[in-house]
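Here's the structure we're looking at; comments come further down.
The values are calculated or read from the model by the stated rules, or taken from the named source; none is laboratory data. Because the structure is predicted, anything quoted here is derived from the model rather than measured. Cβ placement follows ideal geometry from the backbone for every residue including glycine, while neighbour counts extend to all protein chains displayed. Heavy atoms of the whole protein, side chains included, go into the accessibility calculation; ligands, DNA and RNA do not. Shrake-Rupley method; radii C 1.70, N 1.55, O 1.52, S 1.80 Å.
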Amino acid sequence: MQQQQHADYDLLAVFAEEAKADAAVTKLRKEGFNEEEVYQLASGAAGKGEFRDHRSNNSRSEYFLQTKRSGPNPLLVVALAIIFGLVVGGLSYLASFALPNLSEPTTLIIGVILGLIIGAIIGIVPMTRVRGNIGQDPAKGSAAPPKERGNGAKTVVALRFPDTDNPARKSRARAILLNNGGRIDRSVGRRE
């Protein structure tokens, strides 16, 4: 069998390990692709190496794992200050009846002022409100797949279809390659 150039293939996928490439070839043959269509090549046989990653990407995950604290809500600060002012002011008014030596209007004014200050402080201090924290743990990030590309390791799977007018067949082959951990080289494909 004659070795073909990478431009002659319709689809080419590069795998991290030879075992994954073997599994992909087995799955392709099981799905009805014959030996004239499926080729397993050495690791240097990839095209120009224009890949689109179909798995998690660290730069994307960094964006989605961003967290920031939200600032205080002014409406909440005012509402809490008013509520605490009324409650503490009311308690200080009741305390003036229990302790007759406290003067009534001064106790009420001091209670309202203390309530306003306490309510404002409680409203301003963030109570662990964090935006973007949706339960992910960035420490559990996926590790990069191990590289097993030695000299002569057959980690490249190429396909050449006799009938290029059947997009469903090419799509099925692409899905099998991606599901088995392959990276599709976009620079490969026959130009007619």
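Could you check, for the range 41-48, whether at least one of its residues is under 30 Å from Leu12 (Cβ atoms), at pLDDT 85 or above and assigned to a loop (DSSP other than H, G, I, E, B)? No, every residue in the range 41-48 fails to be under 30 Å from Leu12 (Cβ atoms), at pLDDT 85 or above and assigned to a loop (DSSP other than H, G, I, E, B).
Within the range 140-159, can one find any residue that is surrounded by 15 or more Cβ atoms within 10 Å (Cβ to Cβ), modelled with pLDDT of 75 or more and assigned to a helix (DSSP H, G or I)? Within the range 140-159, not a single residue is surrounded by 15 or more Cβ atoms within 10 Å (Cβ to Cβ), modelled with pLDDT of 75 or more and assigned to a helix (DSSP H, G or I). Among the residues of the range 165-178, the one identified as out of contact with any strand residue (DSSP E or B) (no Cβ under 8 Å at 6 or more places or on another chain), touching a residue at least 40 places away in the same chain (Cβ under 8 Å) and open to solvent by 70 Å² or more (accessible area, probe 1.4 Å) is Arg172. The number of residues in the range 107-126 that are open to solvent by 70 Å² or more (accessible area, probe 1.4 Å) and more than 30 Å from Arg69 (Cβ to Cβ) comes to 2. Within the range 28-40, the set of residues being buried (at least 16 other Cβ atoms within 10 Å of the Cβ) and in a helix (DSSP H, G or I) comprises Leu28 only. Within the range 3-17, no residue that is farther than 10 Å from Ala158 by Cβ and of a type in the set (Lys, Arg) sits with its Cβ atom under 7 Å from a residue that is at pLDDT below 85 and open to solvent by 50 Å² or more (accessible area, probe 1.4 Å) at 6+ positions apart or across chains. For the range 49-95, the set of residues classified as open to solvent by less than 70 Å² (accessible area, probe 1.4 Å), assigned to a loop (DSSP other than H, G, I, E, B), out of contact with any helix residue (DSSP H, G or I) (no Cβ under 6 Å at 6 or more places or on another chain) and at pLDDT 65 or above consists of Ser70, Gly71, listed by residue number. For first residues located in the range 64-82 and farther than 12 Å from Gly123 by Cα, partners that are surrounded by 13 or more Cβ atoms within 10 Å (Cβ to Cβ) and lie 6+ apart or on another chain with Cβ distances below 6 Å form the pairs Leu65/Gln136; Gln66/Gly132; Thr67/Gly132; Thr67/Asn133.
Taking (1) free of Cβ contacts under 8 Å to residues at least 12 places away in the same chain; (2) open to solvent by 90 Å² or more (accessible area, probe 1.4 Å) in turn, Ala98 satisfies each apart from (2). Given the condition within 34 Å of the chain's Cα centre (by Cα), of a type in the set (A, V, I, L, M, F, W, C) and at pLDDT below 85, answer yes or no: does some residue in the range 102-117 qualify? No: the range 102-117 contains no residue that is within 34 Å of the chain's Cα centre (by Cα), of a type in the set (A, V, I, L, M, F, W, C) and at pLDDT below 85.
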